[in-house]
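Trainee: Encoded as structure tokens, here's the structure I'll be asking about.
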Amino acid sequence: MANKNVRLRPAQIEADRNSLVALRAIAGYAPTNPVYSVGEMTELEAEMTGARDAETLAASALATARDRAAAAEWELHNRILGVKDQVVAQFGRDSNEVQALGLKKASERKAPTRRKAAESVKV
């Protein structure tokens, strides 16, 4: 039995739709099982089309929501960077307020050291 959780290929769906069009043209088609009647098959095709349309709209809504979330994240991040600049300007680089925002105090930074010149290699 086929795995019904896997989507059908578009070519298979198109072939099924073509078969349904051909079925509608068959005069005198009267299946013993009413599930396979032209009317039932037409309703099922309409249901499939509606479900695919709903999927397309949901994917579009997801992409829009993702874009809005990313924009909001960037806006918050950029404003937090501005807040940090404002706190440094107001309280100074060595203040506890700077440390509270997750930045290093100026006094906690390691002083730069001079590197020794590399000795020339004698050959």
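Every number here is computed from the coordinates shown, using simple stated rules; none is lab data. Note that this is a predicted model, so its numbers are computed, not measured. All Cβ positions, even for glycine, are placed from backbone atoms using ideal geometry, and neighbour counts span all protein chains on display.
Trainee: Less than 13 Å Cβ to Cβ from Asn96, Lys/Arg counted +1 and Asp/Glu -1: what total charge do the surrounding residues give?
Mentor: 0
Trainee: Å³ per residue of the Cα convex hull, for the chain?
Mentor: 318
Trainee: Give me the net charge for the shell around Val38: Cβ to Cβ below 13 angstrom, other residues only, Lys and Arg +1, Asp and Glu -1.
Mentor: Local charge sum for Val38: -2.
Trainee: Residues with beta-carbon under 12 Å from that of Ala59, excluding Ala59: net charge, scoring Lys, Arg +1 and Asp, Glu -1?
Mentor: 0
Trainee: For region 1-102, run through the chymotrypsin sites (Phe, Trp or Tyr not before Pro) and keep only the ones in DSSP coil with at most 13 other Cβ atoms within 10 Å of their Cβ.
Mentor: Here the chymotrypsin sites (Phe, Trp or Tyr not before Pro) that fit, given the DSSP loop and packing criteria, are Tyr29.
Trainee: Here is a follow-up. As a test of understanding, state the convex hull volume per residue of region 63-123 from its alpha carbons, in Å³.
Mentor: Per-residue hull volume (Cα only) is 150 Å³.
Trainee: Please identify the trypsin sites (Lys or Arg not before Pro) of region 1-69 that satisfy two criteria: DSSP loop assignment and at most 14 other Cβ atoms within 10 Å. Which are they?
Mentor: Answer by residue number: Lys4, Arg7.
Trainee: Quick one: Cα centre-to-centre distance for region 1-20 and region 55-88, in angstrom?
Mentor: Cα centres, region 1-20 to region 55-88: 39 Å.
Trainee: Of the candidates Ala22, Ala70, Ala51, which one comes out as most mobile in a Gaussian network treatment of the chain with C-alpha springs shorter than 10 Å?
Mentor: Ala22
Trainee: Give, in nm to one decimal, the length gained when the segment between Ala70 and Ile13 is fully stretched (0.36 nm per residue of separation minus the Cα-Cα distance).
Mentor: 17.0 nm
Trainee: Let me ask something else about it. Out of Gly28, Gly82, Gly39, any idea which swings most in a Gaussian network model of the chain, alpha carbons joined below 10 Å?
Mentor: Answer for the Gaussian network model of the chain: Gly28.
Trainee: Would you mind calculating the gained length between Lys104 and Ala22 on full extension (0.36 nm times residue separation, minus the Cα-Cα distance), in nm to one decimal?
Mentor: Additional length available on full extension: 22.0 nm.
Trainee: For the chain, with the dipole built from +1 on Lys and Arg beta-carbon atoms and -1 on Asp and Glu ones, taken about the Cα centre, which of Leu62, Ala22, Asn96 lies farthest toward the positive end?
Mentor: Selected residue: Asn96.
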